[in-house]
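Here the structure comes first, spelled out in structure tokens, and everything after it is commentary.
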Amino acid sequence: MQARASLETGLHRALEREEFTLLYQPIIDGGNGRMTGVEALIRWPSDPGEEERLPSAFVPVAEESDLIVGVGEWVLRTACRQFESWRRANLDIGYMSVNVSVRQLRQAGFVEVVLDTLRTSGMKPGELHLEITEGALAEGPSIAQTLGELAAHDVHLALDDFGTGYSSLSYLRNFPIHSVKIDRSFITEIPHSTAACRLVESIIAMTTVLEKHVVAEGVETEAQLRFLQTAGCGSIQGFLLGRPMEGADIPGFMQGARTGHS
Ligand code: C2E
Ligand code: MG
Ligand code: MG
């Protein structure tokens, strides 16, 4: 309880002092090996000698309080500002994907926050992808309305960690989801688990039939990459092709991606 309370106090302070940073992980076209977008991933640097603070440790704590609303707005603003500064440097990054927690979606005025951020940064709505989890779709009509409004404004919605939650086919059909991100837990088991291989092939086939884009998360080996390319997976994300990196390193990465992997 005490550790949690002090983590929460620390998070409050970190938000006030803007101590968070964002890293950006490349998302690569499965066909031609080019970078098509990046995912923004939050980091909270720790003091030297202190234990590393991973998102898996502090994001859930922020999500249990309203802190995630402020943190999420900071992430959105910072990611969009970064996107714009790349554009000013004549870099075509494709799209910026931002993780959004269900608590942010519940917040009245979330759509306005997103649209305001887009206006301020001069981004087109389709250049922003919002990653939501399956749990958000189970929330009921008010979130459905929020997602509907975002999609009506052409903001791209991606279903993150697909396969770990409800994975309901009716959600895929009834919600304005544009893309599906297959969770790393399935990719890790490729190619040695036949069941995982068939499952991933089926997810790719199903999402393609539903005219949705599919991204594989957590690709770490050449064998996984080859399997996914053969299965027709649209986009690839993982340490094999690019780790989360500082914004300043993305231009150099793109240079390499254009001439490197395909
Ligand atoms: P996620 O959205 O599914 O993000 C992908 C996670 O997988 C990231 O972990 C990324 O570093 C990691 N990853 C990518 N490729 C590989 C790989 O090849 N191998 C392995 N082992 N890992 C890989 P990270 O950055 O630690 O983030 C963990 C989770 O924290 C995210 O999962 C997301 O749910 C949450 N998160 C991160 N940033 C934010 C944020 O700004 N807002 C919110 N609400 N949640 C965030
Ligand atoms: Mg994500
Ligand atoms: Mg994920």
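The values are calculated or read from the model by the stated rules, or taken from the named source; none is laboratory data. Since the model is a prediction, treat every value here as computed from it, not as a measurement. Don't worry about glycine lacking a Cβ; one is built from the backbone with ideal geometry, like all the others, and counts go over all protein chains shown. Accessible surface areas use protein heavy atoms only, side chains included; no ligands, DNA or RNA. Shrake-Rupley method; radii C 1.70, N 1.55, O 1.52, S 1.80 Å.
Its relative contact order, with pairs defined as Cα atoms under 8 Å and 6+ residues apart, puts segment 103-262 at 15 percent.
The alpha-carbon atoms of segment 47-144 define a convex hull whose volume equals 127 cubic angstrom per residue.
Restricting attention to segment 63-209, close to 0% of DSSP beta bridges with both partner residues there are antiparallel.
Within the full protein context, the accessible area of TRP74 is estimated at about 20 Å² for a probe radius of 1.4 Å. Karplus-derived 3J(HN,Hα) values for segment 38-52, using 6.51 cos²θ - 1.76 cosθ + 1.60 with θ = phi - 60°, are 9, 10, 7, 10, 6, 10, 10, x, 9, 5, x, x, 8, 5, 5 Hz; glycine and proline are entered as x. If you take all other residues with their beta carbon under 12 Å from the beta carbon of SER65, and give Lys and Arg +1 and Asp and Glu -1, the sum is -2. Rounded to the nearest 500, the 222 nm mean residue ellipticity of the chain from helices alone is -14000 deg cm²/dmol, with -39,500 (n - 2.57) taken per DSSP H run of at least 4 residues. Lys and Arg at +1, Asp and Glu at -1: add these up for the other residues within a Cβ distance under 10 Å of ARG103 and post the number. Cβ neighbours under 10 Å give a net charge of -2.
Please report, as a whole percent, how much of the solvent-accessible surface of the chain comes from carbon and sulfur atoms (probe radius 1.4 Å). Display every interim value, and only then the final one.
Values: 6490 of 12710 Å².
The nonpolar share, carbon plus sulfur, comes to 51 percent.
Within the chain, helices built from complete DSSP H runs that reach 30 Å or longer along their own axis (Cα positions) and carry a mean Kyte-Doolittle hydropathy of -0.5 or higher are 67-88. For segment 158-173, putting each phi into the Karplus relation 6.51 cos²θ - 1.76 cosθ + 1.60 with θ = phi - 60° gives couplings of 10, 8, 7, 6, 4, x, 9, x, 7, 6, 7, 5, 5, 4, 4, 7 Hz, in residue order, rounded to whole numbers and with x for Gly and Pro.
In square angstrom, what is the accessible area per residue of segment 115-262 with a 1.4 angstrom probe?
Numbers: 6940 Å² over 148 residues.
Accessible area per residue, segment 115-262: 47 Å².
Per residue, the solvent-accessible area of segment 19-99 (1.4 Å probe, heavy atoms of protein chains only, all protein chains present) comes to 45 Å².
When the convex hull of the Cα atoms of segment 135-262 is projected onto a plane and the area is averaged over all directions, what value comes out in nm²?
Values: hull surface 35.5 nm².
Convex hull of Cα atoms, orientation-averaged projection: 8.9 nm².
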